[in-house]
1. Residues being within 14 Å of GLY115 (Cα to Cα) and away from the ligand (no atom under 16 Å from the Cβ): count how many of those fall in region 225-259.
2. If I filter region 260-271 down to residues being within 14 Å of the chain's Cα centre (by Cα) and within 16 Å of the ligand (Cβ to nearest atom), which single residue comes out as nearest to ARG316 (Cα to Cα)?
3. Filter region 116-161 for residues that are in a loop (DSSP other than H, G, I, E, B) and touching a strand residue (DSSP E or B) at 6+ places or on another chain (Cβ under 8 Å); which is nearest to the ligand (Cβ to nearest atom)?
4. Name the residue that is nearest to the ligand (Cβ to nearest atom), counting only residues in region 193-214 that are surrounded by fewer than 17 Cβ atoms within 10 Å (Cβ to Cβ), part of a loop (DSSP other than H, G, I, E, B) and not hydroxyl-bearing (Ser, Thr, Tyr).
5. From the set of residues in region 228-259 that are among the acidic types (Asp, Glu) and in a loop (DSSP other than H, G, I, E, B), which is nearest to the chain's Cα centre (by Cα)?
6. Looking at region 271-290 only, could you name the residues that are touching a Gly at 6+ places or on another chain (Cβ under 9 Å) and over 15 Å from ALA128 (Cβ atoms)?
7. Which pairs do you get when a residue that is closer than 24 Å to ASN60 by Cβ, found in region 90-105, comes within reach of a residue that is of a type in the set (D, E, K, R) and surrounded by fewer than 24 Cβ atoms within 10 Å (Cβ to Cβ), reach meaning Cβ atoms under 6 angstrom, with the pair 6+ apart or on two chains?
8. Looking at region 245-276 only, could you name the residues that are charged (D, E, K, R) and within 16 Å of ALA222 (Cα to Cα)?
Amino acid sequence: MIITVLLVTATLVARAPQDTLESSAARRALADVRFLADDRQEGRGVGTAGLGRAGDYIRNAFARAGLQVSFQDFTIPPDAPAVLHTTLGGTATRNVVAILPGRSPALRGEVVVIGAHYDHLGLGGFGAMDADSTGRVHNGADDNASGTAALLEVARELAGRHPARTIVFVAFSGEELGTLGSSYFVQHPLPQPVDSIYAMLNMDMVGRLRSARLLALGAATAKEFPALLDSLNTPHRFDLRASGDGWGPSDHAVFFATRRPVLHFFTDLHEDYHRSTDDWQKINGTGLAQIARFVADLAWTLANRAGPLTFVDAPRPQATAGGGSAYGAYLGTIPDMTGSPGGVRITGVRAGSPAEQAGLTAGDVITAIGAKVVANLYDMTDALRSHQAGDTVVIVVQRGGAEQRVTAVLGRRGS
Ligand SMILES: [Zn+2]
């Protein structure tokens, strides 16, 4: 035991100050996740005292960092598709907004928004993937206590500085009910009208960094983004996958719909997604702190660079156009969100799922389901929507360079 202690001491002495900074940031970020994803916060469902406590915690953290902070109150629209069959319509909730004023007279009217949603699924039910867990607390440690903690860390890092453009930090409510907090924000932005938003950076599910693999979705929404991300990443050394348009199932899509450049930072899907097992013990605190530093660097660069960003639009994908909640029959694959040419690569299958029973496995690239060719995630969603629970389908996959066919009996999604 003594040997261990000596080694640890030696390591600490030899470490550069940067590492010490990083590990204290990691501890802080993990403490934030633990608070937000504690059972006492009741899964941060809209309308709960737990979400109220989470909001107070975020406000206090912003204020301690030295930022101007306020609540932005709004009510859940009763006609939002996700709340039609619930009693949540008309419920009061709030975004938490903190402002770091820009100091350049010419540029301070432009705003870099950094956002993360802090609500989650509460006690399961709507939106949960585990059908039998209604009534159990869904802590949402990765989704999205992780992004909220990273947001607070970015705020602590930037709060003492003086950017040219204004930086606005927003913890959104109502994301899990259909990006309601971000929709309210773009209609009632503080402190500037939406035309002046220079770019929006979203962190949603950034707590599971594995093999340094970080997704920057939306990199195609500004011509300047790919080169900028690439050069900023040099000292950070992420395995950075920067790609895609701004349509995605989180708050950044709302800003993209108003024609602003957006980026969504994401450490990819996993088996605990929208399940009661998404707990703080599975969060990579060091990774979280590293991502926060990277996003802080990026926000700082965007807030100070000369000239506009060149926005690049993209058509709204069919699969999300209706805003409906019908995802079709259940297969139970975990898709690789970075995409792969000519199909959907999967990073795993859910335990006990039709995909597992059919023998699908990590690394398979799905190229067809039933009669439908699957070139991307949208095709896959369409294919599953065209089937019902109980249907038997042939699934074509590429595995180790060879084409294979498996048969799956599709299931019903937990609702
Ligand atoms: Zn979610």
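The values are calculated or read from the model by the stated rules, or taken from the named source; none is laboratory data. Just so it is clear, the model here is predicted, and its values are computed rather than measured. Every residue, glycine as well, gets a Cβ built from its backbone with ideal geometry; the counts of neighbours run over all protein chains shown. Calculation scope for accessible area: heavy atoms of the full protein, side chains included, ligands and nucleic acids excluded. Shrake-Rupley method; radii C 1.70, N 1.55, O 1.52, S 1.80 Å.
1. Matching residues across region 225-259 total 2.
2. Residue satisfying both the conditions and the ranking: HIS264.
3. Only one residue fits best here, namely ASP119.
4. Residue satisfying both the conditions and the ranking: ARG210.
5. Step by step, filter region 228-259, then rank; the result is ASP251.
6. Across region 271-290, the qualifying residues are TRP280, LYS282, ILE283, ASN284, GLY285, GLY287, LEU288.
7. The qualifying pairs are ARG94/ASP73; VAL96/ARG59.
8. Scanning region 245-276 gives ASP245, ARG259, ARG260.
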